[in-house]
Amino acid sequence: MRDRFSRLTMLGASLVLALSVSAIDLRAEGIPHGQTDRACGSPAAIDDGWEIASPDNVGMDAAKLCTIAARLALRATALHSVVVVRHGRLVFEQYFPGYDEPWGQPHGQYEFTATTKHDMRSATKSVTSLLIGIAIDRKLIAGVDESVLKFFPDAAAVKQPGWDAVTLRHLLTMSSGIQWDEARDWTDPKNDEPHLVSEADPIGYVLAKPIAAPPDVLWTYNGGGTELLGNIIERVSKQSLEAFAREVLFQPLGITDVEWKPYKNGKIAAAAGLRLRPRDAAKIGQLVLNRGQWNGRQIVSADWIAQSITPRFQAVGYFGGTLFYGYQWWMGRSLAGVKEIKWVAAFGWGGQRIFIVPELDLVMMTTTAQYGQPKEGLAAIDILTNIVIPSVREWH
């Protein structure tokens with residue numbers, strides 16, 4: 001490991017000095033095809049709607065960004081991709097081969113490039129929240145204080161006491177009080193999440209759950225609530241969740257290569273099934289950073305973005321309870337020198353992350369395969385805090 005760290009450090013220095021190395025050297029250090037004759041992390045032009053700029057042109061230190069690979073080696077952690085956007089321009093991307101467990105595909109070693117889709121896992125929840133906002137903007141839903149049961153008149157037979165008080169807002173903030181536990185091992189019969197996969201009627205399974213506490217009393221991570229939100233979108237739009245998302249979100253963002261995986265029972269996984277290119281996932285972050293706009297077009301209202309990223313609950317029980325939660329978005333902070341920098345994020349199992357740093361007009365997206373590992377997400381927050389944020393030279 002020490003030898004690898006030394007080689008990567010020397011490589012970063014030579015790239016900064018010469019801005020050119022041989023394709024053989026680059027491949028040896030895990031830099032993918034398509035970047036072999038480019039400076040470290042220089043984004044490729046693939047006609048996907050991103051304006052590309054150098055880090056220097058947006059007030060960032062290119063040499064600092066080029067130390068990401070060495071930092072990963074130092075921490076003994078792995079990523080599949082890192083994408084950095086500042087002032088609305090794509091300034092850095094780097095891809096690494098490695099082990100993955102893609103949904104519906106064999107587990108094993110994979111190559112990753114700018115055009116490779118990756119599981120977003122629970123970062124999908126943040127996208128479902130955006131779609132709820134768009135449905136409200138389009139008057140398909142009156143607002144977040146609508147009763148959940150209003151959209152499920154067929155649930156009367158399984159309704160448990162207390163459900164009448166549960167609203168869309170409670171599902172969005174994971175404060176519904178539904179008796180739900182997905183923090184257990186996947187094979188534990190008391191883990192509710194596998195039932196979303198195995199049940200013939202996963203929506204019915206969620207609606208039949210007891211209410212353990214009044215709404216707004218307990219924050220409990222709950223993918224079942226997100227599945228209800230996705231099904232509500234289908235009911236009010238009279239489209240599949242994927243079709244609605246393509247029409248109102250992905251197409252306006254210029255996202256054409258997208259996949260939304262269904263569970264084995266055929267239901268689209270509103271809580272976890274999205275597969276996107278990392279560069280396209282970064283567009284989701286940029287949309288939130290721009291208060292719902294992309295290239296001057298208002299895709300989701302600024303008011304919905306503001307509501308979504310307002311801290312509403314302490315996320316007790318997850319990530320040490322240090323983070324806040326909004327409408328399916330996480331809120332946290334990084335330390336840059338002695339200054340606290342606040343960020344908003346979409347988190348997905350295994351280390352999928354979309355970080356939005358409004359104070360720095362910055363987005364960082366990562367993908368990886370740290371599924372179920374104690375250090376899940378460590379690489380992403382480490383790179384954001386110790387490399388990407390410190391690389392910002394001009395704070396405006």
query = Checking Ser308 against (1) of a type in the set (Ser, Thr, Tyr); (2) crowded, with 18+ Cβ neighbours inside 10 Å; (3) over 18 Å from the mean Cα position of the chain (by Cα), which single condition isn't satisfied?
reply = (3)
inquiry  = Checking the structure you have, find out if any residue of segment 363-385 is in a strand (DSSP E or B) and free of Cβ contacts under 8 Å to residues at least 40 places away in the same chain.
reply    = no
query = Does Gly254 satisfy being at pLDDT 95 or above, out of contact with any Leu (no Cβ under 6 Å at 6 or more places or on another chain), open to solvent by 20 Å² or more (accessible area, probe 1.4 Å) and not basic (Lys, Arg)?
reply = yes
inquiry  = Name the single residue that is surrounded by the fewest Cβ atoms within 10 Å (Cβ to Cβ) among those in segment 121-143 being under 19 Å from Lys261 (Cβ atoms) and aliphatic (A, V, I, L, M).
reply    = Leu131
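Within segment 105-120, identify whether any single residue is touching a Cys at 6+ places or on another chain (Cβ under 8 Å) and buried (at least 21 other Cβ atoms within 10 Å of the Cβ), and answer yes or no.
no
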inquiry  = Checking Ala45 against (1) outside any loop (DSSP other than H, G, I, E, B); (2) of a type in the set (A, V, I, L, M, F, W, C); (3) closer than 17 Å to Asp280 by Cα, only one condition comes out false. Which one?
reply    = (1)
task = Could you check, for segment 280-295, whether at least one of its residues is open to solvent by 50 Å² or more (accessible area, probe 1.4 Å), at pLDDT 95 or above and either of a type in the set (Asp, Glu) or not in a loop (DSSP other than H, G, I, E, B) (or both)?
result = yes
request  = May I ask you to verify whether Ile268 is within 30 Å of Gly104 (Cα to Cα), of a type in the set (Val, Ile, Thr) and modelled with pLDDT under 95?
outcome  = yes
ask   = Filtering segment 336-359 down to residues that are in a strand (DSSP E or B) and at pLDDT below 95, which residue is least open to solvent (accessible area, probe 1.4 Å)?
value = Ala336
query = Limited to segment 311-325, what total is found for residues that are aliphatic (A, V, I, L, M) and open to solvent by less than 70 Å² (accessible area, probe 1.4 Å)?
reply = 2
Criterion violated by Ala183 - all others in (1) touching a helix residue (DSSP H, G or I) at 6+ places or on another chain (Cβ under 8 Å); (2) within 19 Å of Gly317 (Cα to Cα); (3) modelled with pLDDT under 95 satisfied = (1)
task = Specify the residue that is farthest from Met364 (Cα to Cα); the eligible residues are those in segment 266-279 that are in a loop (DSSP other than H, G, I, E, B), touching a helix residue (DSSP H, G or I) at 6+ places or on another chain (Cβ under 7 Å) and open to solvent by 10 Å² or more (accessible area, probe 1.4 Å).
result = Lys267
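The values are calculated or read from the model by the stated rules, or taken from the named source; none is laboratory data. Keep in mind that this is a model prediction, so the values were computed, not measured. Virtual Cβ from ideal backbone geometry, glycine too; neighbours counted across all protein chains shown. Ligands, DNA and RNA are excluded from the accessible area calculation, which covers all protein heavy atoms including side chains. Shrake-Rupley method; radii C 1.70, N 1.55, O 1.52, S 1.80 Å.
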